[in-house]
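Below is one structure, written out as structure tokens, with a few remarks after it.
The values are calculated or read from the model by the stated rules, or taken from the named source; none is laboratory data. Note that the structure is a prediction, hence the values are computed from the model and not measured. Here the Cβ is made from the backbone with ideal geometry for all residues, glycine too, and neighbour counts use every protein chain on show. Heads up: the accessible areas ignore ligands, DNA and RNA and are worked out on the full protein's heavy atoms, side chains in. Shrake-Rupley method; radii C 1.70, N 1.55, O 1.52, S 1.80 Å.
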Amino acid sequence: MIKATPKPLEEIINYVKDFNKILVAGCDGCVTVCEAGGMKEAKVLGSALRLYYTQAGKDHEVVETTITRQCDKEYLAELKDMVENADAVISIACGCGIQYLTEMYNDKIVFPGVDTHFMGINADRGIFEERCAGCGQCVLASTGGICPIARCSKRMLNGPCGGSEAGKCEISKDTPCGWHLIYERLEKLGQVDSFTKPVDPKNWRTSRDGGPRVIIREDLRKAEPQHGSAHS
Amino acid sequence: MEPRTPSKLEKIMAAGHLGVTSEVGPPRGADGAEIEHKGHLIKDYVDAVNVTDNQTSVVRLCSLASCIRLKQMGIEPVLQMTTRDRNRIAMQSDILGAASFGIHNMLCLTGDHQTFGDHPMSANVFDLDSVQLIQTVKLMRDEGKLLSGFEMKVRPQIFIGAAENPFAGPNVELRALRLGKKIAAGAEFIQTQCIYNIPKFKEWMKIAVDKGYTDKAYIMAGITPFKSLGMARYMKTKVPGMDVPDNLIDRLKGVPKEKQAEEGIKMAIEMIQELKEVPGVRGFHIMAIEWEEKVPELVKGGGLYPRPQV
Ligand code: SF4
Ligand code: SF4
């Protein structure tokens, strides 16, 4: 899922200090899982803002809410009245949600309340690790199920480089070398031979290098909305 | 192996001589004279001179311009190129530019991550990796094509080099396999990481010989003399992928500070002598970091002087 972290309070206060009616809009999706933008975090931010306004002697009205997903306009529509009533909105959804909210309520000022980082996993309580860089053409089948793009600091397709040492990447002793992991897994699978063949240059057009990406799934466009979809 | 390019370095090794290269690190400023000065110090003692490409990700005068300077002084350059800072468009363009000046050797590298350098906040590129850069140069030279498939009228003539580090992780077998991969991609000479752990290097070389890699590429052993005990310790603990055994550190500890540089040179010469006898070693790459003036002594001491004329 997408991983984000709350922005520093001072930064957020700086955005909204001249507004009085604030809507803090969270999202029940990924940012709830990584505890950056769910209801709990919306309340924490809301309380902090109230405290700030009170201490600064400013009139204020801070409302917190969340919706199922900020990346779906059907759910965003639920925010209509609350957004209209606010002078400014702080969205604590991921960067996608923040933008889609802005798109929907285009005459309203919307500020980001989180920093969105990457697609990753919950390694442990409070530890999130990147796993996929969304390259658009997955190579996991040939790399032992470990992504060389997200997990090698140089996104090498023919690693490990000469800086790999004791399982760690040259950038830091805290960063596992992705290629070390790939090699270990290939060995376990008895596929080390596949390692000796050079891998050709990658076509990055399907990655962000090709420009903003759009997926058009004609099969889905024709099909009836399924259970779990907001498009009902 | 028959020489395939006009490279003097290739001709020397193809004729069965041990090849000798060294390197010049360009300055962190626009002083082209410094490159010429360093070139002068070593030119009669080596067959070709590598010019590093923003080594350790520190911005320096560019490798290509430095190589052109050396070439104009009559020194044969080895253009080092990392894939860190330039995409395939820029790299192919630089290769053509180099070839247009008669630069006939390249060392294809991935490069250190920018975290190490003076611009850790920069974006990185890594459109290709070192293996793919080797493939690219080979495609341009042997098939006259760019990666796009475009056919060139005039092809670059480049003796294709790569680096390999026998001492990096995960283990020596994998490092030998990766050497094989670079050779399969088209590498014709290999300059190794600085060698200090000779038993491990021999282990790596043995795999390379057994797998037939040494029949397809010239392996040049990397030598870097220690200037001081401090430098040896730094190399051991701070440089990723560097393997400095304790007995070498102890040996430097055993001599007074003012004699350590001399001892470092002695140790490097002994290493050259020993490595000459290792099957598959076809030359030496002497990286005397900011100590270029010592290259003549090392080459002479190693019994590699005078350099053959081809
Ligand atoms: S190869 Fe591409 S799609 Fe697959 S995990 Fe890596 S970045 Fe994601
Ligand atoms: S050490 Fe491993 S993860 Fe780090 S850049 Fe090198 S190959 Fe990639």
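Listed by first and then second residue, the pairs linking a residue in the stretch A:170-197 that is open to solvent by 70 Å² or more (accessible area, probe 1.4 Å) to a residue that is near ligand 2 (Cβ under 9 Å from one of its atoms), with Cβ atoms under 8 Å apart and 6 or more places separating them unless they lie on different chains, are A:D174/A:K168. If you check B:S57, B:S22 for being within 14 Å of another protein chain (Cβ to nearest Cβ) and of a type in the set (G, A, S), only one passes: B:S57.
Among the residues that make up the stretch B:143-163, is at least one of them open to solvent by less than 10 Å² (accessible area, probe 1.4 Å), within 10 Å of another protein chain (Cβ to nearest Cβ) and in contact with a Lys or Arg (Cβ under 8 Å, 6 or more places away or on another chain)? There is no residue in the stretch B:143-163 that is open to solvent by less than 10 Å² (accessible area, probe 1.4 Å), within 10 Å of another protein chain (Cβ to nearest Cβ) and in contact with a Lys or Arg (Cβ under 8 Å, 6 or more places away or on another chain).
Put simply, of A:S194, A:S172 the only residue that is of a type in the set (S, T, Y) and within 16 Å of ligand 2 (Cβ to nearest atom) is A:S172. Note on the stretch B:263-307: residues that are surrounded by fewer than 16 Cβ atoms within 10 Å (Cβ to Cβ), among the charged types (D, E, K, R) and over 17 Å from B:Y196 (Cα atoms) amount to 3.
Restrict the check to the stretch A:155-169 and report whether at least one residue is at pLDDT 95 or above, assigned to a helix (DSSP H, G or I) and either away from ligand 1 (no atom under 16 Å from the Cβ) or farther than 22 Å from A:K197 by Cβ (or both). No, there is no match, as no residue in the stretch A:155-169 is at pLDDT 95 or above, assigned to a helix (DSSP H, G or I) and either away from ligand 1 (no atom under 16 Å from the Cβ) or farther than 22 Å from A:K197 by Cβ (or both).
Could you grab me the full set of residues in the stretch B:107-116 that are within 20 Å of the chain's Cα centre (by Cα) and within 12 Å of chain A (Cβ to nearest Cβ)? Of everything in the stretch B:107-116, those that are within 20 Å of the chain's Cα centre (by Cα) and within 12 Å of chain A (Cβ to nearest Cβ) turn out to be B:C108, B:L109, B:T110, B:G111, B:D112, B:H113, B:Q114, B:F116. Among the residues of the stretch B:12-27, count how many are in contact (Cβ under 8 Å) with a residue 40 or more places away in the chain, in contact with a Leu (Cβ under 8 Å, 6 or more places away or on another chain) and open to solvent by less than 30 Å² (accessible area, probe 1.4 Å). Of the residues in that region, 5 qualify. The single condition from (1) closer than 22 Å to B:K138 by Cα; (2) touching a Pro at 6+ places or on another chain (Cβ under 8 Å); (3) open to solvent by 20 Å² or more (accessible area, probe 1.4 Å) that B:V209 fails is (1). Within the stretch B:268-304, the residues that satisfy the criterion of being under 20 Å from B:V209 (Cβ atoms) and part of a loop (DSSP other than H, G, I, E, B) are B:E277, B:V278, B:P279, B:G280. When the criteria are applied in full, B:D85 meets the requirement of being charged (D, E, K, R) and closer than 22 Å to A:D209 by Cα. Restricting B:A176, B:A184, B:A261, B:A221 to those that are away from every other protein chain (no Cβ under 12 Å), assigned to a helix (DSSP H, G or I) and of a type outside the set (F, W, Y) reduces the list to B:A261. When residues in the stretch A:180-208 are screened for being at the interface with another protein chain (Cβ under 8 Å from one of its Cβ atoms) and not in a loop (DSSP other than H, G, I, E, B), 7 of them pass. The residues of the stretch A:130-147 that are surrounded by 15 or more Cβ atoms within 10 Å (Cβ to Cβ) and either without any contact (Cβ under 8 Å) to a residue 12 or more places away in the chain or β-branched (V, I, T) (or both), listed by number, are A:T143, A:I146. Tallying residues that are over 28 Å from A:Y183 (Cα atoms) and exposed (fewer than 14 other Cβ atoms within 10 Å of the Cβ) within the stretch A:98-124 yields 3.
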